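What follows is a set of notes on a single structure, which appears directly below.
Derivation of every value follows stated rules applied to the coordinates shown; laboratory data play no part. Note that the coordinates shown come from a computational prediction; the quantities given were computed from them, not determined experimentally. Note: ideal-geometry Cβ built from the backbone for every residue, glycine included; neighbour counts use all protein chains shown.
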Amino acid sequence: MITLSPELLNKIGNTPIVELSSFSSSKVKVYAKLEWFNPFGSVKDRAAYWMLKDAERKGLINRGKHIIIEPTSGNTGIALSGIARLLGYKVEIVIPEKASEETKSILRALGADVHETSDDLCPRVGVGTDQSISLAKAIAKARPDKYFMPNQYENDANFLAHYEGTGPEIYKQTDGKVTHFVSGVGTGGTITGVGMYLKEKDSKIKIIAVQPQKQHLIQGLRNFEESNVPSLFERRMYIVDEWYTITNEESFTMVKELYSRERLLVGPSSGCVMAAVCKLVDKIDEGIVVTIFADDGRKFKSLYTQQGVFTSNEFDHALRNATMLSDSLLII
Amino acid sequence: MLEEEVKTIDVRGLFCPEPVFRTKVAMERLSIGSILKVIADDPDAEEDIKRWVQKTGHELVSISKDGSNLTFLIRKKK
């Protein structure tokens, strides 16, 4: 298990925002907020921290007594494992056995107990993550005094993390001049939290949602023709002004372009949102466009080489030469 | 009479799919030929555990019912 400094909890949020000069023009400026500067490597640190602090404030959990359990296959599991452990909780993560070995080994290194579900456990509930959700709920339901399931798809603290944190940060970092906010949607926490804050500051700011194609390869995002709308998103999805749907190919092409043009090595969801930013930029005459890059590309070597985005050598070269990578704890 | 060592797990009070999950984890820790005894009280467990044992190629030696308690004896085959 890796050692974690309590100082890490003070480093959640306040991530840098950078101009993507090669995508900007004289009238349209493009900025990205680099969420991989959060201590556990992604935007999900914010939601994980807020959901746990909120549960503590409400008296739902006590340090040293409760176990935090969450079904997830990606960044939320990593964020919860690190943050809950630092706050003094044991963590159990329920994950489909098909999830990547990289992710499982990070979770174990962070001290989480990992339960792997297979599709044959309970065919009534569906496949993949649905099995994991069902098992996590069953474990928590049988022992309500011992287990707490934050449930990022329903928990309003996930919205608040962005309404109170990410939204004000973006407004301040652009001196209140942001005109368009572009974000992918998974739980809907980021887009509704940031979107709501920005609309309250200036109702003319446009909120643009991005979804990947059906049967996509973009971890963390959802296509709403094939996936349910999480209740967290449904509550405030009226704030979305416009939608873009992006193909796998467009996303991966943009991952490569972001490296060649900006020396940024991003995760697949950042490629997806950036492809939508480019389509938007072509349509508007002026503005300040801000998007969120949820995580960097370090966890995705196997995906990128498999999809032909980079060869193994190109990836290693990119990793050494990329700018704005954080000193992540989670180098596999 | 069973001559093998029998390992027992009690999953009473647990709901689907946890009884199957606990059975699966316990079976992974047994050696081939050993018997696992599972005591459950979720009515869904009867169908779920039966189906899981059949699908994974183990042997369901017996199921007995006593009130709401269900007791399964499963022999690990592979």
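A few points about this structure:
- Taking the stretch B:56-78 and a reference point 7 angstrom along Cα→Cβ of B:GLU46, the backbone N atoms nearer than 12 Å belong to B:63-71.
- Spin-label model, A:GLN215/B:VAL6: points 7 Å from Cα along the beta carbon direction are separated by 4.9 nm.
- A:THR3 versus A:ASN228: modelled label distance in nm, points set 7 Å from Cα along the beta carbon direction: 4.4 nm
- The P(r) of the stretch A:147-254 has a tail past 25 Å containing 23 percent of all C-alpha pairs.
- Relative to the dominant Cα principal axis of chain A, helix A:44-57 is inclined by about 50°.
- Charge dipole (the protein assembly as shown, unit charges on Cβ, about Cα centre) - positive-most of A:VAL290, B:VAL11, A:ILE246: B:VAL11
- With R₀ fixed at 56 Å, the C-beta to C-beta distance from A:SER21 to A:LYS146 puts the FRET efficiency at about 0.60.
- Per-residue ellipticity at 222 nm, computed for chain A from helices alone with -39500 (n - 2.57) per DSSP H run of at least four residues, works out to -11500 deg cm²/dmol.
- Net charge over other residues, Cβ less than 10 angstrom from the Cβ of A:GLY41 (K, R count +1; D, E count -1): -1
- Taking the longest Cα principal axis of chain A as reference, the axis of helix A:312-321 is set at about 80 degrees.
- On Cα atoms only, tilt of A:129-142 relative to the major axis of chain A in degrees: 40 degrees
- The convex hull defined by the C-alpha atoms of the stretch A:44-148 has an orientation-averaged projected area of 6.2 nm².
- Bridgeable lysines around B:LYS50 (alpha carbons under 29 Å apart, same-chain partners fewer than 8 residues away excluded): A:LYS98, A:LYS137, A:LYS141, B:LYS7, B:LYS24, B:LYS37, B:LYS65, B:LYS76, B:LYS77, B:LYS78.
- Modelled label positions at A:HIS317 and B:SER34, each set 7 Å beyond Cα in the direction of Cβ, lie 5.3 nm from each other.
- In angstrom, the C-alpha Rg and Dmax of the protein assembly as shown are 23.5, 86.
- Given 16 as the ceiling on other Cβ atoms within 10 Å, longest exposed-site-free region of chain A for GluC sites (Glu not before Pro) in DSSP loops: A:1-96
- Distance histogram in 10 Å bins (all Cα pairs of the stretch B:6-75, percent per bin): 22, 63, 15, 0
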